[in-house]
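Notes follow the structure.
The values are calculated or read from the model by the stated rules, or taken from the named source; none is laboratory data. Because the structure is predicted, anything quoted here is derived from the model rather than measured. Quick reminder, even Gly has a Cβ in these numbers, built from the backbone with ideal geometry, and neighbours come from all protein chains shown. Please note that ligands, DNA and RNA were not included when accessible areas were found on the heavy atoms of the full protein model with its side chains. Shrake-Rupley method; radii C 1.70, N 1.55, O 1.52, S 1.80 Å.
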Amino acid sequence: MAPHRIGIIGFGKIAQDQHLPAIRANPDFELLAVSSQRGLSPEDAKYTFTDYREMLKLPDLDAVAICTPPQVRHDIAKQALLAGKSALLEKPPAATLSELEDLKGIAGKANKTLFTAWHAQHNAGVTAAAKALAGQSIKRLRITWKEDVRHWHPGQEWIWQAGGFGVFDPGINALSILSRIAPDPIFVRQATLEFPSNRDAPIAAALTFSSSRADADLQAVFDWRETGTQIWDIEIETVAGTRLLLTKGGSCLEIDGKVVLDEASAEYEGVYRQFDALLSKGQSEVDDIPFRLVADAFMIGRRLSVDPFTDATPPKAG
Ligand code: NAP
C-alpha cells in the first residue's frame, strides 16, 4: 500500500519533538507538508505553508496531524475533514465535548478517519496493566502526576488561558491511561482545583473518584509546581489483593513488587502505527472518556485561589 501523505499543522514543541521523528521513522507515512504560522519548515517537507487552509488545498494530501493548542483544534479539524482529509487530533482533542462530538459527526459524513491520539495510552505498560486488571475490581487507586511546568511548558501562554486546561494538560494523560486500564467505569465525585490568582487555568488539582464499589478509595493528585523528581505514577490495589504500580508515565509496570516491564517510552511510534491501521481500514477512533473526566472535574470542582504564577524561575531562598 502507498504511504499515507501527511501534513503537520502547528510546528511547535510536540510536532518537532515527537510527530516529526515518528512520521520519519514510519514507512507507512510520507511527510508531504507542514503548516507553521511562523514559517518553520523541516527540510524533508515537500511543501510548507504559513496558512493551513492553503495546505488543505493540496490534492495529494491524505491526512493531517493537528498539533496546535486545543482552543483552535475544532475549527482546523473541521476544515480539514470538509476538505476531504483525515485528521489526527493531538490531546486534548478539542476545547469542549460538543466540539469533539461535532467533529465525530463531520468525519462520519465525510467518510474520513478521525483519531483522538491519547499518546500515553501507547506505552507497553498500559496494555499489560489492562490485561492484568481484566475481570478484577479496584479497591484503591492513587494517581500522582507531579511535574515542573516551567521545564515542560516554557513560555507557553495558551496553557494558562481559559480552555488551555492548565495542569489537566498533563493530568489528562493519567486519565487516558486510567480509562484504558480500569476494568469498570470511574466517575469524578469531588475535585479541588487550585488556580493561580493571575491565571485562568489550574496549577494543581486533587480528584476523588467513585466506581461501582462503594468502599473503593480512588484518588488523583496533579501538581505543576514539582521542581524535584518528576512523578508520573499510578498505584492500584485490587479486591483480590493484586498490587500494580505503573511508573514513568506508563512505560514501567510492577505487579506485586516485581518489575514485569520496563521499556523506553515509544508512545508516538504507537500513535502512528494506530493511525496507519485506522487509515488503512477507513475507520475512526474517537475516545472521549479522558476528556469527559476532565470536563466533569471542571464542572463539579471547588475553586481555590493560590499564589500568582510567573514563568520566570523564582530565586532560591537564602
Ligand atoms: P506549542 O509548543 O505552543 O506549539 C503549538 C504550535 O501550534 C505553536 O508553536 C504554533 O506553531 C501553532 N499554533 C499556535 N496557535 C495557533 C493558532 N491559533 N492557529 C494555528 N496554529 C497555531 O505547544 P505544544 O507543547 O507543542 O502543544 C501542542 C499540543 O500538543 C497541545 O494540545 C498539547 O497538550 C499537546 N502535547 C504537548 C506535549 C508537550 O510535552 N509539550 C506532549 C504531548 C502533547 P506554528 O507557529 O509553527 O504554527
- request: May I ask you to compute the full-extension gain from Arg189 to Lys131, defined as 0.36 nm times their residue separation minus their alpha-carbon distance, rounded to one decimal in nm?
  value: 18.3 nm
message: For a quick check of your reading of the filter: which trypsin sites (Lys or Arg not before Pro) in region 226-317 sit in a DSSP loop and have no more than 11 other Cβ atoms within 10 Å?
response: Lys316
message: Could you compute Rg(Cα) / (2.2 N^0.38 Å) for the chain, with N its residue count?
response: 1.01
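Rounded to the nearest 0.05, what FRET efficiency do Leu82 and Lys281 give with R0 = 22 Å and r taken as the Cβ-Cβ distance? Could you check?
0.50
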- request: Could you state the angle between the C-alpha long axis of helix 289-300 and the longest principal axis of the C-alpha atoms of the chain, as a value from 0 to 90 degrees rounded to the nearest 10?
  value: 60 degrees
- prompt: How many nm separate the modelled label positions at Thr242 and Arg273, each set 7 Å beyond the Cα in the direction of the Cβ?
  reply: 2.2 nm
Per residue, in Å², the accessible surface of region 4-117 once ligands and nucleic acids are set aside, probe 1.4 Å: 42 Å²
task: Provide the percentage of antiparallel DSSP beta bridges, counting only those with both residues in the chain; round to the nearest 5.
output: 50 percent
query: For region 4-117, what are the per-bin percents of Cα-Cα distances with bins 5 Å wide, up to the bin holding the maximum?
result: 2, 13, 26, 27, 20, 10, 2, 0
message: Rolling a 1.4 Å sphere over the protein heavy atoms, what is the accessible area per residue of region 136-262, to the nearest Å²?
response: 42 Å²
Gain in span if fully extended, Asp217 to Glu101, counting 0.36 nm per residue against the direct Cα distance: 38.6 nm
field: Sulfur and carbon atoms: percent of accessible area, region 107-223 [1.4 Å]
entry: 47 percent
statement: Measuring from the longest principal axis of the C-alpha atoms of the chain, the long axis of helix 267-281 (C-alpha) lies at a number of degrees, nearest 10, equal to 50 degrees
task: For region 59-159, state which GluC sites (Glu not before Pro) are in a DSSP loop and have at most 13 other beta carbons lying within 10 Å of their beta carbon.
output: Glu157
- request: Return one number: the angle in degrees, 0 to 90 and rounded to the nearest 10, between the long axis of the Cα atoms of helix 168-181 and the longest principal axis of the Cα atoms of the chain.
  value: 80 degrees
